[in-house]
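In what follows, a single structure is set out as structure tokens and then discussed.
Each reported figure results from applying straightforward, stated rules to the coordinates on display, with no laboratory input. Here the structure is a predicted model, which means the values were calculated and not measured. In this analysis, Cβ positions are derived from the backbone assuming ideal geometry, glycine residues included, and neighbour counts consider all displayed protein chains.
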Amino acid sequence: MHPSQNRELGHPARCHSWQNECMNAVPLTVLDLFCGAGGLSRGFSEAGFDVILAADKNQAAVATYRRNFSHPALQLDLSSSPRLPAASVIVGGPPCQGFSSAGARRKGDSRNSLVGTFARIVAEQRPEAFVFENVEGFLTGDDGVHVIELLEPLIATGYRIHLRKINAANYGVPQHRKRVLAIGGLGWDPTFPTPTHTAYGAPGAASHACHLPLCPSVTEALAGLPRAESSGLGHPQGHIYRELLPSARLRAEQLLPGMTMIDLPTSLQHQSFRRRSARRVCDGTPTESRGGAPAGVRRLSPDEPSKAVTSGARTEFLHPKDHRTLTIRECARLQTFADDFEFCGTQSDQAQLIGNAVPPLLAFHIARNLRHDLETFEHCSESGALLSFVPTQAAGMSPALQRTTLLVARQAALNDAQEEFHFVSI
């Protein structure tokens, strides 16, 4: 199927029909833990939930959150067992850099224990439902122990859980963003949000949900933005770029859409890229601290979704047509933040907040589905269970993922509700 066919036109950050769809319903309350810039809160608010409190340790995150939301946002360390109000739903994505393949992978990173903090708070607060989001490296980091760290206390408390890896492009987000979602109901069986779009432009992406409209392309996502400025504050906020140095400009001029630094002559490849590309990567875990085989600088394809937006996107992604890197606002567009959403802190802070955020459009689809569940569910059991586990959408698994899958299966076998557990193939 050609990318121009069977696509819903219009970018979600500018077409706000999805944001008004559920606003007249009776609100349910939400706590947003490790809130970051507030992507989850934005999506849940637009789906009719009443977010009553958010919390994060990061100063720039809290400042950004307070700039864009009217309810309280606290700057605090959630691992210190603070007293929190009761809510219908707890959502959150604990900091992920400890096991992110896009950044440093440090076994035993203290931030990884925040997964346990999230699980402990949910188990103590006992909301009707929870939503947990994290990077795909969560599944294999520290040999899968963090998956058990999340599941074990919550299943013991009575939560019935779906744990699946998804691609945000299947929910209309204009980028290939693979993430892990856990959705649980306390004594009732939640459903998992069904895809709304077909992803394309990456190996195997179009094999899932292929009957749906194509997700927006980079061109559609960035449509309507004025020409980026090279000085000032930019309009909308952050729509400003830095002129490339002569050597970087020369690389950019050689890169066609979809090309990365590996496609350049060796003489134009950056020294750090050559060093990283020469190392050996075994089973998804690099021998050096930085994860994954590097792409270096890449030029985005205008007629495909973007690659995953990370904190490095503003320096590593070239505009599809212009010889420059992306602006902060363009990164925010690819993450489906509206143009009036303002980010605080330095440009580095803002890039990190955007790269770490849950896309508001993805959050909206999760929230809309969960809202329907909460308005119609019936308690079915006092015992917790892992209802489904989808560790990959691919046909095969790496040895690391196979180990995690076996670990999860063994944990499920210890559960009294083991007959409820099943692997799902999609």
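With a 10 Å radius around each residue's Cβ, average the other Cβ atoms per peptide and rank 65-72, 140-147, 77-84, 198-205, highest first. It would help to have the intermediate numbers written out before the result.
Working: 65-72: 16.0, 140-147: 21.5, 77-84: 12.6, 198-205: 18.0.
Ranked by mean Cβ neighbours within 10 Å, highest first: 140-147, 198-205, 65-72, 77-84.
With a 10 Å Cβ neighbour count serving as the proxy for reagent exposure, in which order, fewest first, do ASP263, ASP373 appear?
Numbers: ASP263 16, ASP373 19.
Listing ASP263, ASP373 from fewest to most nearby Cβ atoms yields ASP263, ASP373.
In nm, give the distance between the simple-model label positions of ASP50 and THR376, each being 7 Å from the Cα along the Cα-to-Cβ direction.
Output for this residue pair reads 2.4 nm.
Ranked highest first by the average count of other Cβ atoms within 10 Å around their residues, in what order do 396-402, 311-317 fall? The partial results should precede the final answer.
Numbers: 396-402: 14.6, 311-317: 19.7.
Peptide ranking by packing, descending: 311-317, 396-402.
How far apart, in nm, are two points set 7 Å out from the Cα along the Cα-to-Cβ line at CYS210 and at ASP263?
2.5 nm
Convert each backbone phi in the range 358-365 into a coupling constant with the Karplus relation 6.51 cos²θ - 1.76 cosθ + 1.60 (shift: θ = phi - 60°), then list the ³J(HN,Hα) values in order as whole Hz, x for Gly and Pro.
So the J values, rounded to whole Hz, are 7, x, x, 5, 4, 4, 4, 5.
Could you work out how much longer the chain between LEU256 and VAL145 gets when fully extended? Use 0.36 nm per residue separation minus the Cα distance between them, nm to one decimal. Walk me through the numbers before you get to the answer.
On the way: separation 111, 0.36 × 111 = 39.96 nm, distance 4.16 nm.
Gain on extension, LEU256 to VAL145, equals 35.8 nm.
At 0.36 nm per residue, and after removing the present C-alpha to C-alpha distance, how many nm does the segment from GLU243 to GLN347 gain when stretched out fully?
Values: separation 104, 0.36 × 104 = 37.44 nm, distance 1.51 nm.
Full extension of this stretch gives 35.9 nm more.
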